[in-house]
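Report on the following structure.
The values are calculated or read from the model by the stated rules, or taken from the named source; none is laboratory data. Model, not experiment: these values are computed from the prediction. Positions of Cβ are generated from backbone atoms using ideal geometry, with glycine treated the same way; all protein chains shown enter the neighbour counts. The protein model used for the area step is the full one, side chains on, heavy atoms only, and it has no ligands, DNA or RNA in it. Shrake-Rupley method; radii C 1.70, N 1.55, O 1.52, S 1.80 Å.
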Amino acid sequence: MAETTDLTQLSYEDARAMLKKWRECGVRRSEEVVEIWEHIISRSPASLGDEQWAVLEQVCIAGLDAARVDLAQECIDSLHAQFPESNRVLKLKAMQLEATEHYQKALEIYDRLVEEDPNNNSYRKRKVAVLLAQGKRLDAIRAINEYLKIFLNDPEAWLQLSELFLQENDVAKAVHCLEECVLIQPLNSMYFRRLGDLRYTQGGAENIELARAYYERALKINPTDLRSQYGILLSNNQIASTTKSASEKKKAGTAAVDAIDNLVNRYQKISPKSNPESDGILNCLEAMKVTVGSK
């Protein structure tokens, strides 16, 4: 299929192939999907054969993303006529109700869908999305906890629960959720970095030690992670400033200076044109190196 920037000029078969490719890859591309549908595919949807139902679902979701509720309704009507008893179509209807802020009606549908198929995680996730849209954070926390009783190994759910606990200023529970993420995906540096951030925020000698260990692990997994490098700098600097052990003070101070050197090396490779603040950051790091080295 030839590359083109004007999707309206695609042939019918090329447009069909492009929609299929996006579906298989899990790519939304909502505005493009709507454009292809309205200018090309909608002229002869029957030519798709049985594929038209998958396309209609794709276009419906794209319409909701692009605030084209009218288009989404047309797709839902066509799908409902073909599959009047389909929970999949009912879910689309609930999503449309979400888009139009009819949250209570959407929740009623999701509750019904969950009752009929408790092992379908998408219904429960949509319910959480509705609760968050309503600002019902505590209800969302309860809903995610119920979800995790069934889908224990869902790192996205644990991560969202962690963020909600942080919004409730419950750092200890947020830490627990991230530890669950680490157990599920031990090679994801983001989880270790966030754990480092939370432990550093909690403060105290033990938490700062843990923060340093988490940052070091994150950097080992992803050597390009600047935030983890900063975390190593800050945690070692804090340890060097508070420990009573001379050997630990020296060790932490040396590690902090090494972290600064690593950061300086990274920023020296950045062109001032691509990041105008790089020179200022380098100056700050050099000044910090003098301060840290004097401890």
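Residue check: is Arg199 at pLDDT 95 or above, in a helix (DSSP H, G or I), closer than 19 Å to Lys289 by Cβ and open to solvent by 20 Å² or more (accessible area, probe 1.4 Å)? For Arg199, the condition - at pLDDT 95 or above, in a helix (DSSP H, G or I), closer than 19 Å to Lys289 by Cβ and open to solvent by 20 Å² or more (accessible area, probe 1.4 Å) - is not met. Screening region 1-12 for residues that are more than 24 Å from Gln82 (Cα to Cα) and not in a loop (DSSP other than H, G, I, E, B) and picking the one that is most open to solvent (accessible area, probe 1.4 Å) gives Gln9. Scan region 235-247 for residues that are farther than 21 Å from Leu219 by Cα and either of a type in the set (Lys, Arg) or open to solvent by 40 Å² or more (accessible area, probe 1.4 Å) (or both) and the total you get is 6.
When only residues in region 41-76 that are crowded, with 21+ Cβ neighbours inside 10 Å and more than 21 Å from Glu98 (Cβ to Cβ) count, which is nearest to the chain's Cα centre (by Cα)? Applying the filter and picking the extreme gives Val55.
Of everything in region 249-280 that is of a type outside the set (S, T, N, Q) and assigned to a loop (DSSP other than H, G, I, E, B), the residue that is farthest from Gln229 (Cα to Cα) is Lys273.
For region 99-125, taking the residues that are open to solvent by 70 Å² or more (accessible area, probe 1.4 Å) and of a type in the set (Asp, Glu), the one that is farthest from Asn145 (Cα to Cα) is identified as Glu101. Within region 146-162, identify whether any single residue is hydroxyl-bearing (Ser, Thr, Tyr), over 24 Å from Glu179 (Cβ atoms) and modelled with pLDDT of 95 or more, and answer yes or no. There is no residue in region 146-162 that is hydroxyl-bearing (Ser, Thr, Tyr), over 24 Å from Glu179 (Cβ atoms) and modelled with pLDDT of 95 or more. Within region 143-188, if we keep just the residues that are of a type in the set (S, T, N, Q) and over 16 Å from Asn119 (Cβ atoms), the residue that is surrounded by the fewest Cβ atoms within 10 Å (Cβ to Cβ) turns out to be Asn169. Evaluated against (1) modelled with pLDDT of 95 or more; (2) in a loop (DSSP other than H, G, I, E, B), Arg28 falls short on exactly one condition, (1).
Evaluated against (1) open to solvent by 20 Å² or more (accessible area, probe 1.4 Å); (2) under 24 Å from Ala133 (Cα atoms); (3) under 23 Å from the mean Cα position of the chain (by Cα); (4) in contact (Cβ under 8 Å) with a residue 12 or more places away in the chain, Gln96 falls short on exactly one condition, (1).
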